[in-house]
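The values are calculated or read from the model by the stated rules, or taken from the named source; none is laboratory data. Note that the coordinates shown come from a computational prediction; the quantities given were computed from them, not determined experimentally. Note: ideal-geometry Cβ built from the backbone for every residue, glycine included; neighbour counts use all protein chains shown.
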Amino acid sequence: MTNNVKICTLMLLPKEIQKEAYEKAIMENPANNMREEMGASPEKNEMALMKFKKWQPGRNIRVRFLDGVPDVQEKVEKYAHQWEKYANIKFIFGNDPDAEIRISFNEKGSWSYIGTDCLSIVDKNQPTMNYGWLRSDTPEEEYSRVVLHEFGHALGCIHEHQNPTTNIPWDEDAVYSYYMGPPNNWTKEQIDQNIFKHYSRTITNFTSFDKKSIMLYAIPNSLTEGDYEVGWNKNLSEMDKQFMNEMYPGNQEGLFHAASEINERAAQPNNPLL
């Protein structure tokens, strides 16, 4: 991994408004209510897909650009709509001042709030998602990688390497050394939060670890012990598609799309599924 690789950071709400955000999540989707299961509202940043941050299936989620140039906006919208093939949601792009997802290109880095946390960003001129390095001349595969990833967060997904079932053989010293340097310049706390932390099985819906997931960072050999690496994933994996269809049920075409694509790939001898 070279030192100019830029990656997403999760945007977490301040602790003082997390309880309020949980109440808003329940109002949005009663299935987010986990009080009986957990004994109380979640208070830790242990949120995989967060069980209590899912939008109501069938929801029209409004999206507004706060800034940016038209050709970049069009590409972001194009890739965001790919999720609609598999999840029972619709992204409605427009100029609605009350849009749940608000996108900027002016802030540092690439990031998004998780699922219904967007509802707790009450300033209508404050972004809930940002693309700090997308430009008119950015390659299409980078648009695909970054936009699908950030909209996965907006639907409630965390980073795949923090899946409760993951057991990546990290070289911790190498990880700290790399991510503390440019262009990320993270603190130790940010590295722990974004790399090493595993989320609780209790409050996440998760599959087995998916090396092909769009929600996974690239993992180079230089940051692990032994011979372990994963390249950049630039498209939705088959597991991404099926998992999101299960988390946002009601899209009858979604599972059909995913199953058909699996069968098509399996039938191609030079393009094995695995």
Inset, instruction - Look through region 59-79, keep the residues that are farther than 15 Å from residue 133 by Cβ and among the aliphatic types (A, V, I, L, M), and return whichever of them is farthest from the chain's Cα centre (by Cα). - result: 66
Inset, instruction - Go through region 101-126 residue by residue and tally those that are in a loop (DSSP other than H, G, I, E, B) and over 16 Å from the mean Cα position of the chain (by Cα). - result: 10
Inset, instruction - Could you look through region 218-236, keep only residues that are at pLDDT 90 or above and not in a helix (DSSP H, G or I), and pick out the one that is nearest to residue 85 (Cα to Cα)? - result: 236
Inset, instruction - Return the only residue of 257, 198 being modelled with pLDDT under 65 and not in a strand (DSSP E or B). - result: 257
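Looking only at region 137-167, filter to residues that are outside any helix (DSSP H, G or I) and buried (at least 20 other Cβ atoms within 10 Å of the Cβ); which one of those is modelled with the highest pLDDT? Talk me through it step by step, then tell me what you get.
Start the filter on region 137-167 by keeping residues that are outside any helix (DSSP H, G or I), which leaves 137-139, 155-159, 163-167.
This time we only want the ones that are buried (at least 20 other Cβ atoms within 10 Å of the Cβ), so: 155-159, 163.
Working: 155: 94, 156: 90, 157: 86, 158: 79, 159: 79, 163: 70.
Among those that are outside any helix (DSSP H, G or I) and buried (at least 20 other Cβ atoms within 10 Å of the Cβ), it is 155.
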Legend entry - Selected residue (criterion: nearest to residue 154 (Cα to Cα)) from residues of region 55-82 that are basic (Lys, Arg) and in a strand (DSSP E or B): 62
